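One structure below.
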Amino acid sequence: MNRAGLRKTRISGLATYVPPRLLTNKDLEMMVETSNEWILQRTGIRERHIVDPGVGTSDLAKEASLKAIAQAGLTPHDIDFIVVGTTTPDMVFPSAACLLQTKIGADRAWGFDLGAACSGFTYALTTAVHMVAAGTHAHALAVGADVMSSIIDYKDRSTCVLFGDGAGAVVLERVGEGGFLGFELGADGSGGPQLYLPAGGSRTPASADSVADRQHFVQMNGREVFKFATRVLVSSAEAVLAECGRTIEDVDVYVPHQANVRIIEYATGKLGIPEDRVVIDVDRYGNTSSGSIPLALADAKADGRLGPGRLVLMTGMGAGLTWGSGLIEWTDGGRA
Ligand SMILES: CC(C)(COP(=O)(O)OP(=O)(O)OC[C@H]1O[C@@H](n2cnc3c(N)ncnc32)[C@H](O)[C@@H]1OP(=O)(O)O)[C@@H](O)C(=O)NCCC(=O)NCCS
């Protein structure tokens, strides 16, 4: 980041958390009219993790954040700013960011939640990077966390097979060389009706009728969202690469939002990224919304793909409609 006097910023800690309980395709066969074969063929998903009753988004975020902060060689006291990308905060207020702040003991931090559905992590990350890059905050915590099982109708086979719960957190700090090179973000509110949760907000507060009508669950036009997702994964990746003067051939690790393996394969093919550079873990987690990109990034780190100097491209997309890409030159050290 060297535009307009922005400082270079890197990820110095990266950690994730998923709740232990598994929901497999076989389990779903007992709940709705579906089959393991259908789910695998149409989505690539085998299983997802689901919270136990009473567990909220800030609980998942806490586990990921404490590990990320320790990995960065810091304590929660060192964190200046917290942003939590989430569509499923523990409650309307206080924010999951405030609940997280006190759970981890980040006594110097301020923060807020950011609602961008499955683009939640890329939006939160972009915000946090700019807080550090502007020079006003030394250490920022960007979290993507969702308990999608709290807003999914387990009687609706067209959505309940897709989603899971999970969280990821990154710590951001200034760096001498490398780090974030650029971002490309966008929104198209006209696509809102394709993927939304009708009730529980100010327009339709919770009522006996809204509950009886199952209006507190995700509604989705799967085919339209599929078309949007494949289109934007390609256009956003191309835009951020062009802005940073890089090409697809330069990308070492591609981390797309994990919604459906068919969406990823379509975008990867269009972009021309070799398969061995693409991170896919949707089979194990399903679509964890804001948790998806940090979970995939952590998988890439665990299997040794995030070495110094490697170019990492990530793209998220989701309800809003929203999307966002980030390009990073991975670096392991050299604090600025
Ligand atoms: C949801 C999705 C997997 C459906 O796959 P698809 O190939 O488009 O399937 P269709 O919607 O055309 O449905 C085909 C048939 O399967 C049925 N079907 C839907 N869900 C099913 C399930 N879980 N099990 C069995 N059959 C199912 C449909 O009812 C339909 O039956 P019909 O032909 O008798 O009407 C796909 O559209 C998708 O992934 N969309 C994007 C969703 C997404 O990623 N959302 C989050 C974005 S962040």
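The values are calculated or read from the model by the stated rules, or taken from the named source; none is laboratory data. Model, not experiment: these values are computed from the prediction. Cβ: placed from backbone, ideal geometry, glycine included. Neighbour counts: every protein chain shown. Side chains are part of the model used for accessible areas, which takes the heavy atoms of the whole protein and leaves out ligands, DNA and RNA. Shrake-Rupley method; radii C 1.70, N 1.55, O 1.52, S 1.80 Å.
Quick notes
- Of all residues in the stretch 183-203, those being assigned to a strand (DSSP E or B) and open to solvent by less than 50 Å² (accessible area, probe 1.4 Å) number 4.
- Cβ-Cβ contacts under 9 Å between residues 6 or more apart (or on different chains), taken from a first residue in the stretch 21-46 that is closer than 18 Å to Gly222 by Cα to a second residue that is in a helix (DSSP H, G or I) and among the aromatic types (Phe, Trp, Tyr), are listed as Ile45/Tyr285.
- Residue selected from the stretch 6-52 under the condition away from the ligand (no atom under 16 Å from the Cβ), of a type in the set (Lys, Arg) and out of contact with any Ser or Thr (no Cβ under 7 Å at 6 or more places or on another chain), by the criterion nearest to Gly135 (Cα to Cα): Arg7
- Among the residues of the stretch 257-315, those that are within 11 Å of the ligand (Cβ to nearest atom) and open to solvent by 60 Å² or more (accessible area, probe 1.4 Å) comprise Arg262, Tyr266.
- Those strands (runs of 3 or more DSSP E) of the stretch 24-130 in which 3 or more residues are open to solvent by 30 Å² or more (accessible area, probe 1.4 Å) and touching a helix residue (DSSP H, G or I) at 6+ places or on another chain (Cβ under 9 Å) occupy 110-114.
- Residue within the stretch 190-200 that is over 17 Å from the mean Cα position of the chain (by Cα) and at positive phi present: yes
- Taken over the stretch 204-244, residues that are free of Cβ contacts under 8 Å to residues at least 24 places away in the same chain, open to solvent by less than 70 Å² (accessible area, probe 1.4 Å) and more than 19 Å from the chain's Cα centre (by Cα) amount to 4.
- Members of the stretch 152-182 found to be open to solvent by less than 20 Å² (accessible area, probe 1.4 Å) and over 22 Å from Thr88 (Cα atoms), listed by number: Leu172, Glu173, Val175, Gly178, Gly179, Phe180, Gly182
- Residues located in the stretch 77-95, provided they are out of contact with any His (no Cβ under 9 Å at 6 or more places or on another chain) and closer than 16 Å to Ala128 by Cα: Ile82, Val83, Val84, Gly85, Thr86
- Qualifying residue in the stretch 209-222 (condition: modelled with pLDDT of 95 or more, within 16 Å of the ligand (Cβ to nearest atom) and assigned to a strand (DSSP E or B)): yes
- Among residues of the stretch 119-149 being of a type in the set (S, T, N, Q) and within 16 Å of the ligand (Cβ to nearest atom), the one that is farthest from the chain's Cα centre (by Cα) is Ser149.
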